[in-house]
1. Determine whether region B:169-180 contains at least one residue that is small (Gly, Ala, Ser) and part of a loop (DSSP other than H, G, I, E, B).
2. Say whether the condition of being in the same structural domain as residue B:74 (by TED's automatic domain parsing), in contact with a Lys or Arg (Cβ under 9 Å, 6 or more places away or on another chain), touching a residue at least 24 places away in the same chain (Cβ under 8 Å) and among the charged types (D, E, K, R) is met by at least one residue in region B:351-373.
3. So for region A:86-104 (the condition being touching an Asp or Glu at 6+ places or on another chain (Cβ under 8 Å), of a type in the set (Lys, Arg) and not assigned by TED's automatic domain parsing to the domain that holds residue A:253), does at least one residue qualify?
4. For region B:386-417, give me each residue that is within 14 Å of chain A (Cβ to nearest Cβ), assigned to a loop (DSSP other than H, G, I, E, B) and surrounded by fewer than 20 Cβ atoms within 10 Å (Cβ to Cβ).
5. Just one of (1) within 24 Å of residue B:339 (Cβ to Cβ); (2) buried (at least 19 other Cβ atoms within 10 Å of the Cβ); (3) over 18 Å from the mean Cα position of the chain (by Cα); (4) not small (Gly, Ala, Ser) trips up residue A:91, so point out which.
6. Tell me which of these residue A:138 doesn't satisfy, since it passes every other one: (1) modelled with pLDDT of 95 or more; (2) within 17 Å of residue A:287 (Cβ to Cβ).
7. Got at least one residue in region B:295-307 being at pLDDT 85 or above and surrounded by fewer than 23 Cβ atoms within 10 Å (Cβ to Cβ)?
8. From A:115, A:153, A:53, grab the single residue that is of a type in the set (Phe, Trp, Tyr), in contact with a Leu (Cβ under 9 Å, 6 or more places away or on another chain) and surrounded by fewer than 23 Cβ atoms within 10 Å (Cβ to Cβ).
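The values are calculated or read from the model by the stated rules, or taken from the named source; none is laboratory data. Computed from a prediction, not measured in an experiment: that's the story for all the values here. Virtual Cβ from ideal backbone geometry, glycine too; neighbours counted across all protein chains shown.
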Amino acid sequence: MRKLQTSLGHRPGKRFLRVGGGALALTLLAACGGNGGGGGGNSASADGCPEGYPERPIELIVPFAAGGGTDVGVRLLAPYIEEELGGATINVVNREGGGGWIGWNALRAAEPDGYTLASLNTPNLISGYLNPEQGIESSLDDFTLIGNVVTDYGAIAVRPDDDRFGTIEELIEYAQENRLTATSTGVGSDDQLASLSLNDALGTQFEGIHGGGAADSLTAVVGGNVDVMFANVGEVATPHENGQLKVLAVLGDPENRGELLSDVPTLAETGLEGVEDIRSWSARGLGGPGGMDEGLQQCIADAAAAAIQNEEFVAAMAEQSLLVDYRDPEEYRQMLEEEEAMVEDLGGQFIW
Amino acid sequence: METLDSIVSGFSVVLTPENLLYVFIGVFVGMIIGVLPGLGSSATMALVLPFSFQLPAEGALIMLAGIYYGSMYGGTITSVLLRLPGEAASVVTTFDGYQMARQGRAGSALGIAAVGSFVGGTVGIIGLSFLAPPLADFAIGFGAPEYTALAIFGILMVSFLGTKSLTKSLVAAGLGLLLATIGQDPVTGSPRFTMGSLELLGGLDFLVLAVGLFGIADVLYHLEEEVRSNPLATKLKRVWPSRKEVSQSKGAIARGSVIGFFVGILPGGGGVLSSLASYGVEKRIAKDPTRFGRGAIEGVAGPETANNAGATSAFIPLLTLGIPANSATAILFGALLLQGITPGPFLISEEPDVFWGVIDSMYIGNLMLLVLSVPLVGIFIQILRIRLTILGPIAIIVTMLGTFSINNNVFDMWIALAAGIVGYFMMKGGFEPGPLVLAFLLGSLLENSFRTSLAISDGDLSVFVTRPVSGTLFALIVLAVAAAVFGHVRSRRRRAAASAAQTAPVE
């Protein structure tokens, strides 16, 4: 019953201020294009597609609730993919539960015929099957990767009036001496992994307090019940600008972090030692069931590539403080494998 | 005065033909879908969300908000007529509302709920207009220890609510608490009692459980009874509460407005707690508490008022701090994002048309609901004239469809059926489903906030008493328990003395 067609009316944008992220993503793509990424180089049109595809509506599963961050992003993207696939119909379907695995299981069970796709959220996807407690038998091979859409880097924020620490250096120093509570959006979430990687590298004593979602984290820190907010740029940028929070560091790659929160240093740019390689992010990409025909995969990936990099979409995401970070199927796989290694290491040491 | 100016300018946003239409569509759709079992307000809003972002921001928000409070009212209709709570907050309404319906007083129950909802909603809006910023700061100061206290308070209240035996209420509540432990452990993430099923990892869904225990169980139970009589189709007296009933409910409505407004602001658990608290208060201060659970009109008026006042004040943290207080306001948050508006402390100054337009649309919407309910209540109670042998199967089909639509999941339909069978046997044994589902809801709040409190304090139990608000709440809990035990002992002695006095002359 919740299968509804999405279509995006062209509303005059209210505040198209932060288009910078888009420009960056485009330059990044230009750089990638130079390497001659697999197959996409010869033609961007849909002529690699199997004849007649798509002849019926495509179901795009969002494994989280309607109205949430992932859902909003997917609903904004879907009309552009429809356009790129020559007027296809995409039905966005919310199948929430099990930390995203209700939706991903439905995806795995579907035919790899290009008519069922889903939003893949990492590290949730990866920590789901790596955590032996969860009992989920899966791996990346169960999915056909289409491309990465958004990379939302981790961020560390505190209350602006917290007089114990006002910079990341002061926070780390304090946390090495004292136990501090830190928000987390669940066991094995990127927020928990971020605080664990700092504990691992710097001997800090951050203790993750698991809440339901980013809104709970914000409530807990602004309300003074948890000391430090470990979250993502997209979740703290607006409260930072509003003065509700003070973001101390971004856990991103200094070379590829976008324009968001440009007044805040990345961890590598601070005076701290041993943190150069610490990265944390939550990424949202697209995928289908494993074992999809390569021609079909390429066809969908090409359409998705053009849609994801559409300037209007990039600008709409930037309005929500989200960095569009397109990666083709091959680069996306590399990114997820890197993430898999990190989750396996931290999870094995600290969580399970 | 600045606020007054803003309120006036908000009306100029709402009172355009276009936006009035959106208010009307919102409350009408909300009310109708609220009537369909299983389809709660958030599910309905999620359905409409994709369409809404083609509208201008004010129109979209006005319509979605209308669905939210409209379905609150619609949920009441099924709670009263079929004992099928459409959402958590209307579970309490079933206690007396359904009894009233069975006595042929469905019209009075629905009428007083409409009046109460209107008053509660209006009080909520006035409070929201004038008190929003300072209250929002107070509400987010509520941390895990405070919620622990509130949850314990709620669970205590649940056990006092039962109309039959206290022991049976406690057993049902205990079962609810146990069911709440199914799913992922909130701290370690390991699965509990899921029997390897991924579907159970997220825990049982409240709506699914409620639909089964109330709706399906009730149909099964009464289909059996049908053979002997058809109690529902007996008599329908009036369609509107009598003067006496209105004056009986006045106090309950006034108290419900205030309770609902303040409890509703709390992000996390406001909805259920507000109607529960109102019911508890009414039963406590009533001259004759035994009327409750047997069709006391205050038992409908108070909670329904509180429910609506709370639904309105739940907008305070969303609109002033950008923090959604429940799943329905979370969808409104998403709708704002889709419109390119980020909710937060500057929403009022940056988007005054949206903020005040939505607030003022609620005044208009509440008025529309009241007007709509006059003819619709008359139509809806006709449902009771339908023979149960026909109504029952239809209700089950609609219920199952609604259940599927909650998460697009067939598994939930099996859970609802299983809960229906369990509920049937509970009713046969004289156990009520109310304490079970309420304890289920409060159970996860209790566990989460208790364990989070201890994680924050590093295992130090004093955290519950050293914080001013939670310390006060715990002191109140101790007093309430002491008073209850004392009262129980005293009434027992009195009864023993009375029976001794009675038996003496006979001998």
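1. No, that holds for no residue.
2. Scanning region B:351-373 turns up at least one residue that is in the same structural domain as residue B:74 (by TED's automatic domain parsing), in contact with a Lys or Arg (Cβ under 9 Å, 6 or more places away or on another chain), touching a residue at least 24 places away in the same chain (Cβ under 8 Å) and among the charged types (D, E, K, R).
3. No.
4. B:408, the sole residue that qualifies.
5. It fails just one condition, (2).
6. Evaluating residue A:138 over (1) modelled with pLDDT of 95 or more; (2) within 17 Å of residue A:287 (Cβ to Cβ) leaves (1) as the failure.
7. From region B:295-307, those at pLDDT 85 or above are B:295-307; that's our starting set.
Add one more test, that the residue is surrounded by fewer than 23 Cβ atoms within 10 Å (Cβ to Cβ), and what stays is B:295.
Checked against the condition, which is being at pLDDT 85 or above and surrounded by fewer than 23 Cβ atoms within 10 Å (Cβ to Cβ), region B:295-307 yields at least one hit.
8. On the way: A:115 fails: in contact with a Leu (Cβ under 9 Å, 6 or more places away or on another chain); A:153 fails: surrounded by fewer than 23 Cβ atoms within 10 Å (Cβ to Cβ).
Exactly one residue qualifies, and that residue is A:53.
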